[in-house]
Amino acid sequence: MITLPPPDVDRSPHPAGPAAAPPFAPPQPPRRSSGRRALAAAALVGLGAACGGVAGGLVARHDEPPAQAVAPTQSAPATPLAAGAAATAGELPVADLVSASLPAVVSIDVTTPGGAGAGSGFIITPDGAIVTNAHVVANATSISVTFHDGSTAPAKVVGIDQTDDLAVVDVDRTDLPTLHWGTSADLAVGQPVVAIGNALALTGGPSATEGIISATNRSIDANNGEHLAHLLQTDAAINPGNSGGPLLALDGSVVGINSAGATTGQNIGFAIAADTAQPLVEQLARGETVTRAFLGVGTQAVTPDLAARTGLEVDHGLVVVDVAPDSGAADAGLQPGDVITAIDGTATDRQDALRDAISSAGVGATVHLTVDRNGTTMDLTATLSSHTA
């Protein structure tokens with residue numbers, strides 16, 4: 001089991017630069033070399049954040065030694081449902097679920113200025129809208145989608161949201177099979193799920209793994225600087241190439257989008273929760289830009305040890321590391337060294353609390369910040385501006 005310490009510095013409310021590399025990495029996906037599918041050293045490298053991305057820092061370098069062997073994926077033990085026990089109303093035996101869902105899952109191959117990579121996606125409209133991860137198609141110069149019947153089609157990016165690692169691509173096809181959204185709000189730890197995707201870009205198309213929901217509402221920091229929050233954790237095996245594929249409940253609904261894996265553990269994967277993804281995906285599919293509220297501070301969580309080492313007067317809250325020029329934070333008078341202890345009366349002992357409060361307030365809203373400055377408590381008012389994903 002891995003632990004997940006907070007990053008040293010969190011700058012996600014504004015694009016001020018990445019945090020130190022944490023134990024989650026952007027995908028080291030399968031890549032192609034000399035006309036052959038090269039397995040991107042799944043046996044040699046810790047599984048990184050998602051699992052399907054593209055070249056240019058996301059693909060194994062050409063001078064990496066090739067994998068000597070690829071260990072067979074071991075999915076979770078079969079559940080009573082998969083073993084043939086009577087299913088709850090609306091649930092399918094796993095084999096039937098996979099058979100029914102595979103036609104709507106696609107493999108995605110991309111080329112970029114730095115190389116090539118592979119990922120996954122799933123179809124959400126009969127006329128060719130496909131959901132995947134942003135890191136799978138970001139910076140792609142060409143995108144090719146392979147369907148369940150083996151046919152291929154070029155795709156173009158309709159919308160991309162790198163903050164939440166979501167993208168929608170489109171192919172010129174009609175009458176395609178689709179998957180439907182479920183809800184992630186009611187998922188329980190221990191609930192069976194199935195992940196489908198283009199694992200390792202192996203010949204023959206997407207594969208399936210089975211597991212359970214291991215935890216909900218997880219937050220991770222990938223080593224490409226991305227912070228992903230409110231994720232589902234699963235022990236269904238998620239490997240390079242799986243990124244962008246669906247995580248399915250046993251009724252066949254999409255409850256998550258597979259996006260990340262741990263570098264220091266086994267069977268620890270993460271999916272973007274459907275309730276987070278669906279409204280953003282719908283915006284992207286319409287060609288709209290996802291806009292978020294923006295305070296404009298980089299922060300670091302205060303711990304008693306940090307407070308003692310730096311002479312802070314408080315042992316909790318978020319210390320301001322930097323302030324973006326011309327932002328709501330700058331206009332409010334926030335300064336590096338200030339400690340934000342609350343926003344609109346909600347304690348900010350965790351960085352997620354500040355992010356969530358900013359997101360909930362929305363663009364143009366006024367927020368009230370409780371701040372400690374050298375032992376003096378201050379109340380500052382900031383107006384949130386906007387930035388695009």
Less than 12 Å from a label point 7 Å out along the Cα-to-Cβ axis of residue 314: which backbone N atoms in region 344-362 qualify, by residue?
344-350
Inter-probe distance in nm under a simple model that places probes 7 Å from Cα toward Cβ, at residue 363 and residue 331
1.4
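Assuming 0.36 nm per residue, please report the length gained on full extension of the stretch residue 305 to residue 373 beyond their Cα-Cα distance. Show your work: numbers first, answer last.
On the way: separation 68, 0.36 × 68 = 24.48 nm, distance 1.83 nm.
Residue separation times 0.36 nm, minus the Cα-Cα distance, leaves 22.6 nm.
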For region 266-303 and region 151-183, what is the centre-to-centre distance using only Cα atoms, to the nearest Å?
17
How far apart, in nm, are two points set 7 Å out from the Cα along the Cα-to-Cβ line at residue 347 and at residue 125?
4.6
Relative contact order of region 244-389 (C-alpha contacts under 8 Å, at least 6 apart) in percent is 21
Taking only protein heavy atoms and a 1.4 Å probe, the highest-to-lowest accessible-area order of 288, 313 is 313, 288
Probe radius 1.4 Å, ligands and nucleic acids left out: which of 316, 368 has the largest accessible area, and how do the rest follow?
368, 316
Show me 148-155, 207-214 ranked by packing, highest mean number of other Cβ atoms within 10 Å first.
207-214, 148-155
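At 0.36 nm per residue, minus the direct Cα-Cα distance, what do residue 95 and residue 266 gain on full extension? Give it in nm, one decimal, please. Could the numbers behind the result be given before it?
Working: separation 171, 0.36 × 171 = 61.56 nm, distance 2.42 nm.
Separation in residues times 0.36 nm, less the Cα-Cα distance, equals 59.1 nm.
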Length gain on complete extension for the stretch residue 381 to residue 151, per 0.36 nm per residue less the alpha carbon to alpha carbon distance?
77.1 nm
Quick one: how many Å² of residue 163 are accessible to a 1.4 Å probe, rounded to 10?
50
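The values are calculated or read from the model by the stated rules, or taken from the named source; none is laboratory data. Because the structure is a prediction, the values reported are computed rather than measured. Backbone-built Cβ (ideal geometry, glycine too); neighbour counts: all protein chains shown. Just so you know, the surface numbers come from the protein's heavy atoms only, side chains and all, with ligands and any DNA or RNA stripped out. Shrake-Rupley method; radii C 1.70, N 1.55, O 1.52, S 1.80 Å.
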